[in-house]
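To keep things clear, I will list the structure first and then write my remarks on it.
The values are calculated or read from the model by the stated rules, or taken from the named source; none is laboratory data. Being a predicted model, the structure only gives us computed values, none of them experimental. Note that each Cβ is placed from the backbone with ideal geometry, even for glycine, and that neighbours are counted across all protein chains shown.
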Amino acid sequence: MGLTDSIKKICHNLGTNNKPTYVVMAIATVKGIARPTFTMMDKTENPETKKYTALREGLTEVIAIPAYWACGELSAKAAEKLFPQKTKNGAVNPALLKAKKNLMFMGVCAAALFIIPGTCSVVIKPIMDKLGLKAPEKKQPKPELSKNTTLNTNTVLQQPKPINQTININNNKYNTLNTYANRPQVGLRVGGL
């Protein structure tokens, strides 16, 4: 068995046994390794920001991998309840196989759209707080107003009015640019005049 035969066999197995969960779990694994690594390699970023961002990205993918798997597999199980296992001839029902893959894909999409963001918003902040890592923008104290400071919310800003005046240089009259501000801009004009 040569190299080409083994490549053909691998490609055939991947083509016949592919599941949407395998693809997204592989992508999430690569992202879980590569994104934090590249974030930590950035030499221009603040070290505290790098740690926070890399850990947050890694935790997101750690949550994503089991969520993709669970949602995909549970959706495929639903197909078994909707379609019969065998046809009248006793063969495997092709509609069941298609339904499994389609529902698995829909389960993976639901995980990406709803389950993973919801889980991350609930889980990641407490983990980051226990590790003592805060978002970099939250570390800077916000300026506080004293009790004697009042804000005037009734102030209305007025637009400055354009000055339309002429400048007399060497007995020639030149209009200022404000005169041309309201002219329609049609075609390509050199110098804006």
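Looking at region 28-37, is at least one residue under 22 Å from K125 (Cα atoms) and touching a Lys or Arg at 6+ places or on another chain (Cβ under 8 Å)?
There is no residue in region 28-37 that is under 22 Å from K125 (Cα atoms) and touching a Lys or Arg at 6+ places or on another chain (Cβ under 8 Å).
Okay, residues lined up against (1) of a type outside the set (A, V, I, L, M); (2) surrounded by 15 or more Cβ atoms within 10 Å (Cβ to Cβ):
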position: A91; (1), (2): no, no
position: K98; (1), (2): yes, no
position: V108; (1), (2): no, yes
position: K125; (1), (2): yes, no
position: G132; (1), (2): yes, no
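Could you check, for region 92-102, whether at least one of its residues is in contact with a Pro (Cβ under 6 Å, 6 or more places away or on another chain) and not hydrophobic (A, V, I, L, M, F, W, C)?
yes
Which one is nearest to P126 (Cα to Cα), of the residues in region 53-100 that are basic (K, R) and either modelled with pLDDT under 85 or in contact with a strand residue (DSSP E or B) (Cβ under 6 Å, 6 or more places away or on another chain) (or both)?
Here the answer is K86.
Can you name the condition, by its number, that V122 falls short on among (1) modelled with pLDDT of 90 or more; (2) on the phi > 0 side of the Ramachandran plot?
It fails just one condition, (2).
Consider only pairs whose beta carbons are under 9 Å apart and that are at least six residues apart or on different chains; among these, list those whose first residue lies in region 1-18 and is surrounded by 10 or more Cβ atoms within 10 Å (Cβ to Cβ) and whose second residue is in a helix (DSSP H, G or I).
Close Cβ pairs satisfying both conditions: L14/Y22; N18/K101.
For region 45-89, enumerate the residues that are among the basic types (K, R) and buried (at least 18 other Cβ atoms within 10 Å of the Cβ).
K50, R56
Collect the residues in region 70-96 that are assigned to a helix (DSSP H, G or I) and either among the β-branched types (V, I, T) or over 25 Å from A28 (Cβ atoms) (or both), keeping them in residue-number order.
E80, K81, L82, P94, A95, L96
A111 versus (1) within 30 Å of E48 (Cα to Cα); (2) in a helix (DSSP H, G or I); (3) not hydroxyl-bearing (S, T, Y): which is the lone unmet condition?
That leaves (1) as the condition not met.
What do you reckon, is K31 surrounded by 14 or more Cβ atoms within 10 Å (Cβ to Cβ), modelled with pLDDT of 90 or more, among the basic types (K, R) and touching a Ser or Thr at 6+ places or on another chain (Cβ under 9 Å)?
Yes.
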